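Scroll down for the structure; my scribbles are underneath it.
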């Protein structure tokens, strides 16, 4: 089975940086919170989640064929 953009309920992009310098401020703002909400003037809201939060949310989604 192939899952493409039209079939997926969520489409994600992954970025990695060797030095991580671009992520430092985000990590400081996030701290120990479960999510970071970011909004630039006149732009849509963005949400940054640490893996622990993302994994916890995914674990709550029922799988096909399971009640």
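Where a number appears in this text, it was derived from the coordinates with a stated rule and is not lab data. Just so you know, these numbers come straight off a predicted model, no measurement behind them. Glycine also receives a Cβ, built like all others from the backbone with ideal geometry; neighbour counts cover every protein chain displayed.
Restricting attention to segment 21-38, the residues that are over 17 Å from residue 55 (Cα atoms) and exposed (fewer than 10 other Cβ atoms within 10 Å of the Cβ) total 5.
The number of residues in segment 40-65 that are part of a loop (DSSP other than H, G, I, E, B) and exposed (fewer than 10 other Cβ atoms within 10 Å of the Cβ) comes to 12.
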